[in-house]
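All remarks here apply to the structure that follows.
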Amino acid sequence: MQRESFKQKIFITIGKFIPDYIITNLKFYKHFKRFPNLKNPKSYVEKIQWLKLYDHNPLYTSLVDKYLVKDYITKVVGKEYTVPTIGIWDKAEDIDFEKLPNKFVLKCTHDSGRVIICTDKSKIDKEWVIKEMKYSLKRDFYAITQEWPYKNVKRKIIAEEYLVDESGTELKDYKFFTFGGKVEFIQVDFGRFTNHRRNFYNKTWDLLNIQQNYPTDYSTNIKKPDKLEDMISIAEKIASNLIHVRVDFYCTPERIYIGELTFYHDSGFIEFFPSEINNVLGEKIKIQ
C-alpha cells in the first residue's frame, strides 16, 4: 500500500503546529493555485473546506469510525446492512490469524484509503500485514486532511468479511451523494485494482457527463442495481438531518451493505469536470 512521501510527511508535521484555517488555505492553494473563498464559499470544493473547518457536529466522530458507524447503521436501518465484523484489536501484534477465515479484509477504524484484502490466508505474509497495520495505527488522518471528525477516533484494527459482487472477482463501490438528506447522484468505482474507472449516474440510472479523478468509461454499461430504490431510500434515511454526506454501498448477489460514510469527498481537493458542475453541486450544500 502506498505511503506518504517525505515531502508529504514534512507538510503533515508542520501542519500539526499550524491552525487548521491556515493549513487548509495553503493546501487548497497547492491543489488549485488559488485561495478558497471561505467567507462566502460557492463551489463544491470551497464548501467542503468550510464544512471541515466549521461544521463540528459531535456525531460525526462516531460516523467516520469504521467500527462505531455500524451501531448508527443498525439503529437507523438495521444490522443486516452492516458488513460483518470478524475481529477487532488494539495492536497489530494481537491480530489472531488462526481465527480468521481464508478470506478477509483488514483496516483501521480511524484511517482512510488503506485496506488489506486477503483472498488466500495460506499465502499471506503475516509479518508484512503486521507492519502495515502498525503503520496505519500510527497514521494521523486528521493531520493529513484536516478532516475534523477523525481527530478523536479511537484507533483500532478491524477484520471484516470478504465480499464480492455479481462478477465474482471484484466489488464495485456505489457512492450515493446526499445533500440535505436527499440523494442527488451516484458514483460507481470499478476495476480499482486493474484499470480504475469512475462513472456517474442519476437516480434513474442514466450515465452522466461528469468526470472526477478517474476516467469515465462511456463504453461500459454498468447494470442498474436490482435494489437501487432500496439503496436510495436507505441512503436518505442515513443522511437525514446531515448537511452533506456520501453513503457508500457494496452489492453482493445476496444483499446490499453500507461500507462507510464520507463527509468530505476526496477531502475537497479534486474538482469535477466539466467545471460548471462544481458550482451546481456547491449550491446544493446549504451552510449557515
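Things to note:
- For region 105-176, the relative contact order comes to 39 percent (Cα pairs under 8 Å, sequence separation of at least 6).
- Contact order relative to length of the chain, as percent, for alpha carbon pairs under 8 angstrom and 6 or more apart: 21 percent
- Förster radius 41 Å - calculated FRET efficiency between Glu80 and Gln211, Cβ distance, rounded to 0.05: 0.75
- The base-10 log of I(q)/I(0) for region 1-141, evaluated at q = 0.14 Å⁻¹, reads -0.89 [Debye formula, identical scatterers on Cα atoms, solvent excluded].
- The Cα-based radius of gyration of the chain, divided by its Kirkwood radius, gives an Rg/Rh of 0.95.
- Cross-link reach list, aspartates and glutamates versus Lys172, counting only Cα pairs under 18 Å and skipping chain neighbours closer than eight places: Glu160, Glu161, Asp189, Asp206, Asp217, Asp226, Glu229, Asp230, Asp248, Glu254, Glu260, Asp266
- Convex hull of Cα atoms in region 65-104, direction-averaged projection (nm²): 3.5 nm²
- Estimated from the Cβ-Cβ distance and a Förster radius of 30 angstrom, the FRET efficiency linking Asp71 and Lys223 is about 0.40.
- Ile22 paired with Thr252, simple spin-label distance in nm, labels 7 Å along Cα-to-beta-carbon: 4.9 nm
- Gyration tensor verdict on region 146-187 (Cα atoms; rounded if a/c is under 1.5, prolate if a/b is larger than b/c, oblate otherwise): oblate
- Taking N as its residue count, the alpha carbon Rg of region 169-288 over 2.2 N^0.38 Å: 1.02
- Cross-link table Lys107/Lys284; Lys91/Lys223; Lys103/Lys154; Lys131/Lys154, entries beyond 29 Å C-alpha to C-alpha: Lys107/Lys284; Lys91/Lys223
- Under Karplus coefficients 6.51, -1.76 and 1.60, residue-wise ³J(HN,Hα) of region 245-251 in Hz, glycine/proline x: 8, 9, 9, 9, 10, 10, 10
- Between Lys138 and Asp96, the modelled labels are 2.7 nm apart [label points 7 Å from Cα along Cα→Cβ].
- Bins of 10 Å, starting at 0 and running to the largest distance - Cα pair percent for region 220-288: 16, 40, 38, 7, 0
- Where only DSSP H runs of four or more residues are counted, the chain gives -8500 deg cm²/dmol as its mean residue ellipticity at 222 nm, each run worth -39500 (n - 2.57).
- Taking 7 Å steps out from each Cα toward its Cβ at Glu161 and Ile88 produces label points 1.7 nm apart.
The numbers here are math on the coordinates, done by the rules we state, and not lab data. Values in this document were obtained by computation on a predicted structure and should not be read as measured data. Virtual Cβ from ideal backbone geometry, glycine too; neighbours counted across all protein chains shown.
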